[in-house]
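See below for the structure under consideration.
The values are calculated or read from the model by the stated rules, or taken from the named source; none is laboratory data. Since this is a predicted model, take the numbers as computed values, not measurements. Quick reminder, even Gly has a Cβ in these numbers, built from the backbone with ideal geometry, and neighbours come from all protein chains shown. SASA here: full protein model, heavy atoms, side chains in, ligands and nucleic acids out. Shrake-Rupley method; radii C 1.70, N 1.55, O 1.52, S 1.80 Å.
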2 protein chains.
Amino acid sequence: MDPAIKKKALRMITYGLFVATAQDDSGPAAGAINWISQNSFTPPLIMVAFKADSALHRAVTASRKFIVHVVGKDQKDLASAFFRGAELSGDKLNGYRIEKSQDGIPLLVDPPAWFECRVTNEVRGGDHTVFVAEVVEAGVRSDAEPLTLRDTGFFYGG
Amino acid sequence: MDPAIKKKALRMITYGLFVATAQDDSGPAAGAINWISQNSFTPPLIMVAFKADSALHRAVTASRKFIVHVVGKDQKDLASAFFRGAELSGDKLNGYRIEKSQDGIPLLVDPPAWFECRVTNEVRGGDHTVFVAEVVEAGVRSDAEPLTLRDTGFFYGG
């Protein structure tokens, strides 16, 4: 297999852009992610890949739960703010206002939609771990169109 | 959790549209899919959810391999042709010309890109099964922009 061709083909998978948050004993963890998809209607399950050596991975492994926020078309700045580690300052995470979910996970108030997930299975083996998780709570704050990875000019895949 | 809110939030996940093919002793299997994402760079892994009661699921479970074709922006008709079961007629599958991959899997010649995958893990439990699979071969035939699920006006999720 030609690695350049493999890279080009895999970069033709369409993605949205999301911010995931979690919380463990050491505090909040967060990150911008795009490797996510639903994988069942009943029960409602999603599959998501978190980087194995990340704080987000550590917090999700410990707490078994996380929130995924859908980033809106005009919120590229918000997504970009989560390319680095989580930094809490007052009621703001990486500069963006949060509430606490019922489960104590940081919940960003600006994104148009979010869903909270409980891990049911995981698959290790690559540089990211696949978490399969049940959607247990969800919210929609606006009808904003979602931001796609293609919109941003960034790539994460290949 | 309000099911209508959950549905609306999950439908804000951005997807592409793809055609997956597989082959087992009973013949070819195929289907249009959108629940797929990469989940590792090294090794190159993808995660995909196939409907548990489908012929595609049966063929992938038996053969442990499949091909995913990226559908181009102007190929909504091709994707739509794979909303039904696989029907082979001469060198055409559901009306679209195929070759055989080195592994004997139907390979559509019209899509702009494809990748062949070998299953490494699976997670059952929902109405679809998650297959984690290593990308072992890939091809790019054109620079066409990928079709997104949003482009089609279809939904599969929620």
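Restricting attention to segment B:65-97, the residues that are open to solvent by 10 Å² or more (accessible area, probe 1.4 Å) and either in a strand (DSSP E or B) or β-branched (Val, Ile, Thr) (or both) add up to 6.
Among the residues here, A:GLY95 qualifies as more than 11 Å from every other protein chain (Cβ to nearest Cβ) and touching a residue at least 12 places away in the same chain (Cβ under 8 Å).
Here's the yes/no breakdown for (1) among the acidic types (Asp, Glu); (2) within 16 Å of B:GLY27 (Cβ to Cβ); (3) in contact with a Gly (Cβ under 9 Å, 6 or more places away or on another chain):
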| position | (1), (2), (3) |
| --- | --- |
| B:ASP91 | yes, yes, no |
| B:LYS100 | no, yes, no |
| B:TRP114 | no, no, yes |
| B:GLU122 | yes, no, no |
| B:GLY126 | no, no, no |
| B:GLU137 | yes, no, no |
| B:ALA144 | no, no, yes |
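Could you tell me whether any residue of segment B:139-158 is over 30 Å from A:GLU145 (Cβ atoms), surrounded by fewer than 21 Cβ atoms within 10 Å (Cβ to Cβ) and acidic (Asp, Glu)? Checked segment B:139-158: no residue is over 30 Å from A:GLU145 (Cβ atoms), surrounded by fewer than 21 Cβ atoms within 10 Å (Cβ to Cβ) and acidic (Asp, Glu). In segment A:4-28, the residue that is modelled with the lowest pLDDT out of those that are small (Gly, Ala, Ser) and over 20 Å from A:THR120 (Cα atoms) is A:SER26. Please go through segment A:46-55 and give me each residue that is open to solvent by less than 10 Å² (accessible area, probe 1.4 Å) and more than 7 Å from every other protein chain (Cβ to nearest Cβ), ordered by number. The answer is A:ILE46, A:VAL48, A:PHE50.
Can you pull out the residues in segment A:22-55 that are closer than 21 Å to A:GLY158 by Cβ and aliphatic (A, V, I, L, M)? Selection gives A:ALA32, A:ILE33, A:ILE36, A:MET47, A:VAL48, A:ALA49, A:ALA52. Scanning segment A:1-34 for residues that are in a helix (DSSP H, G or I) and closer than 15 Å to A:PHE50 by Cβ yields no hits at all. A count restricted to segment A:4-40 and to residues that are within 7 Å of chain B (Cβ to nearest Cβ) and not polar (S, T, N, Q) stands at 11. Every condition in (1) within 14 Å of chain A (Cβ to nearest Cβ); (2) surrounded by 16 or more Cβ atoms within 10 Å (Cβ to Cβ) is met by B:PRO43 except one, and the failing one is (2).
Being open to solvent by less than 10 Å² (accessible area, probe 1.4 Å) and out of contact with any Leu (no Cβ under 8 Å at 6 or more places or on another chain) holds for only one residue in B:ALA4, B:ALA20, B:ALA62, B:ALA9, and it is B:ALA9.
Could you list, in sequence order, all residues of segment B:98-138 that are open to solvent by 40 Å² or more (accessible area, probe 1.4 Å), among the polar types (S, T, N, Q) and not in a loop (DSSP other than H, G, I, E, B)? Result: B:THR120, B:ASN121.
Got at least one residue in segment A:56-75 being more than 14 Å from chain B (Cβ to nearest Cβ) and closer than 22 Å to B:ARG150 by Cβ? Checked segment A:56-75: at least one residue is more than 14 Å from chain B (Cβ to nearest Cβ) and closer than 22 Å to B:ARG150 by Cβ.
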